[in-house]
Amino acid sequence: MSFIIIGGGGYIGFHIGKALLLAGFKVTLLDIRLPSHEWLFKTCLPSSYLMEGITEEPFFEDHNFSTSSGDIDNHKILSMNDGKNEYLMDFYKVDIRDIHLLEFYMNEVKDPECVIHTASFGMSGISQLPRHAEIMEEVNIQGLKNVIEIAANIGVKAIVYTSTYNVVFGGEPIKGGDEDLEYFPLYRHVDNYSKTKSIAEQILLTADKKNGMRTCSLRLAGVMGPMEERHLPRIVSNIDKRRLVINYMDEGGAVVDFVGIQNVVQAHVRAALKLLNDPSKVGGAYFISDGAPINNMEYFRPLIKARGRSYPRLYIPMIVMFIIVCIIEFMANILNISPLLTRAELFKTGVSHYFSIKKAQKDFSYRPTKPNDMSLITKYYSR
């Protein structure tokens, strides 16, 4: 069985690919960037931890599966030999906006059965600023359209799409929401990333059963794990520079979901295998988290302690924070510098929103492990 990971050079895509490789499947990574050197050469995220929630998966019975960290030499986990090594992950550098190059490389993969699409642009920080709206639309919308068109034409059986809570969340509290919630109105989003991801997810789900190809979308909470490069470096930098000295929350206490990388991997692998092996029992959108809502700042308490800093005690009302962040984002967009916080990030961290994972549990036996576990993260960042 062969998998293509679109966005395989990113944190989520690479580790999904590694898990599938450990399970004995053929994996090809496509991305505009290579995976991080750390992911290839460091052992901060043991294979046993990454695979804990899926080792009992019955679809693995016919594959040479093991979770020993020595089973795969991390120095050799990535191959760039034009798809001729059946034991390693192959990597092709490609921009998904270039449909002709994308088609060429997807055709290089022999009999791909499933595409897992994790690629996106504009999730946070400087890339989320309005000045980058055009590239968000090109990557998040047109890029996905390209993938769907090519996948349907080459006989791919399933696409699993990595989505976000933001397709239904836009700054208004949601407590225990489920997949019956309507999409947040596009015109009300304060950032183009959320808007483009919402459009993309709807395109993906509309493509279900195109040429017999099945699709589903996994709406992820904030992804955390050792060596994560999108959120944690900014958070740690702010902790170290004593910028994380204030706390803010809505009236609901800023209770939110997080999801560990091991559970992100589990959800994608289980959803993909279910689509391929029992397609009538799965489909649509799914919320994916650790299933343990927690106050946003409280989640990071172990990390703050590990960096030798004090937990923030100063409280600022959300309305005041919103005014401050509007000014910060406006100036950052003009100067093209990374903002301390964007409006979308303020909503994500300060407004309560958490969702039920019951549909994922029912449809593809999603069972999150080690909820809100910061042990590997604090170990990685400990002084």
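The values are calculated or read from the model by the stated rules, or taken from the named source; none is laboratory data. Model, not experiment: these values are computed from the prediction. Every residue, glycine as well, gets a Cβ built from its backbone with ideal geometry; the counts of neighbours run over all protein chains shown.
Within region 85-96, residues that are at pLDDT below 90 have Cβ atoms under 7 Å from residues that are surrounded by fewer than 16 Cβ atoms within 10 Å (Cβ to Cβ) in these pairs: 88/76, counting only partners at least 6 apart in sequence or on another chain. Among the candidates 10, 24, the residue that is among the small types (Gly, Ala, Ser) and in contact (Cβ under 8 Å) with a residue 60 or more places away in the chain is uniquely 10. Determine if region 136-158 includes at least one residue that is over 23 Å from residue 17 (Cα atoms), of a type in the set (S, T, N, Q) and surrounded by 23 or more Cβ atoms within 10 Å (Cβ to Cβ). Looking through region 136-158, none of the residues is over 23 Å from residue 17 (Cα atoms), of a type in the set (S, T, N, Q) and surrounded by 23 or more Cβ atoms within 10 Å (Cβ to Cβ).
Conditions tested, residue by residue: (1) within 27 Å of residue 126 (Cα to Cα); (2) over 20 Å from the mean Cα position of the chain (by Cα).
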residue: 337; (1), (2): yes, yes
residue: 340; (1), (2): yes, yes
residue: 345; (1), (2): yes, no
residue: 358; (1), (2): no, no
residue: 362; (1), (2): no, yes
residue: 367; (1), (2): no, no
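Here 221, 200, 152, 158 are screened, and the one residue that is in contact with a Phe, Trp or Tyr (Cβ under 6 Å, 6 or more places away or on another chain), within 17 Å of residue 117 (Cα to Cα) and among the hydrophobic types (A, V, I, L, M, F, W, C) is 221.
What is the one condition in (1) modelled with pLDDT of 95 or more; (2) surrounded by 18 or more Cβ atoms within 10 Å (Cβ to Cβ) that residue 188 does not satisfy? Here residue 188 clears every test but (2). Residue count for region 317-353, restricted to those that are among the polar types (S, T, N, Q) and either at pLDDT below 95 or not in a loop (DSSP other than H, G, I, E, B) (or both): 4.
Taken as a whole, the structure leaves residue 367 outside the set of residues that are charged (D, E, K, R), surrounded by 15 or more Cβ atoms within 10 Å (Cβ to Cβ) and under 26 Å from residue 187 (Cβ atoms).
If you scan region 22-46, which residues turn out to be in a helix (DSSP H, G or I) and surrounded by fewer than 20 Cβ atoms within 10 Å (Cβ to Cβ)? Steps first, please.
First, the residues of region 22-46 that are in a helix (DSSP H, G or I): 22, 37-41.
Within region 22-46, 37, 38, 40, 41 meet the criteria.
So how many residues does region 123-147 have that are in contact with a His (Cβ under 8 Å, 6 or more places away or on another chain) and either closer than 18 Å to residue 4 by Cβ or at pLDDT 95 or above (or both)? The number of residues fulfilling the criteria is 2.
Would you be able to say whether some residue in region 204-214 is in contact (Cβ under 8 Å) with a residue 60 or more places away in the chain and within 17 Å of the chain's Cα centre (by Cα)? Steps first, answer last, please.
So the first thing to find is which residues in region 204-214 are in contact (Cβ under 8 Å) with a residue 60 or more places away in the chain, and the list is 204-205, 208, 210, 213-214.
From the residues that got through so far, the ones that are within 17 Å of the chain's Cα centre (by Cα) too are 204.
Looking for residues that are in contact (Cβ under 8 Å) with a residue 60 or more places away in the chain and within 17 Å of the chain's Cα centre (by Cα), one finds at least one in region 204-214, hence yes.
Filtering region 117-145 to residues that are hydrophobic (A, V, I, L, M, F, W, C), in a helix (DSSP H, G or I) and out of contact with any Gly (no Cβ under 7 Å at 6 or more places or on another chain) leaves 126, 133, 135, 139, 141, 144.
Condition check: outside any helix (DSSP H, G or I) and acidic (Asp, Glu). Does residue 363 satisfy that? Spell out the reasoning first.
On the way: outside any helix (DSSP H, G or I): no; acidic (Asp, Glu): yes.
Against the criterion (outside any helix (DSSP H, G or I) and acidic (Asp, Glu)), residue 363 does not qualify.
Set side by side, the residues 259, 255, 265 differ, and just one is among the hydrophobic types (A, V, I, L, M, F, W, C), touching a His at 6+ places or on another chain (Cβ under 6 Å) and either surrounded by fewer than 23 Cβ atoms within 10 Å (Cβ to Cβ) or within 22 Å of residue 204 (Cβ to Cβ) (or both), which is 265. Does residue 380 satisfy the criteria of being within 30 Å of residue 276 (Cα to Cα), surrounded by 19 or more Cβ atoms within 10 Å (Cβ to Cβ) and not small (Gly, Ala, Ser)? Criteria not met by residue 380.
When you go through 293, 317, 279, 312 one by one, which is the residue that is surrounded by 21 or more Cβ atoms within 10 Å (Cβ to Cβ) and out of contact with any helix residue (DSSP H, G or I) (no Cβ under 6 Å at 6 or more places or on another chain)?
Details: 317 fails: surrounded by 21 or more Cβ atoms within 10 Å (Cβ to Cβ); 279 fails: surrounded by 21 or more Cβ atoms within 10 Å (Cβ to Cβ); 312 fails: surrounded by 21 or more Cβ atoms within 10 Å (Cβ to Cβ).
Going through 293, 317, 279, 312 in turn, just one is surrounded by 21 or more Cβ atoms within 10 Å (Cβ to Cβ) and out of contact with any helix residue (DSSP H, G or I) (no Cβ under 6 Å at 6 or more places or on another chain): 293.
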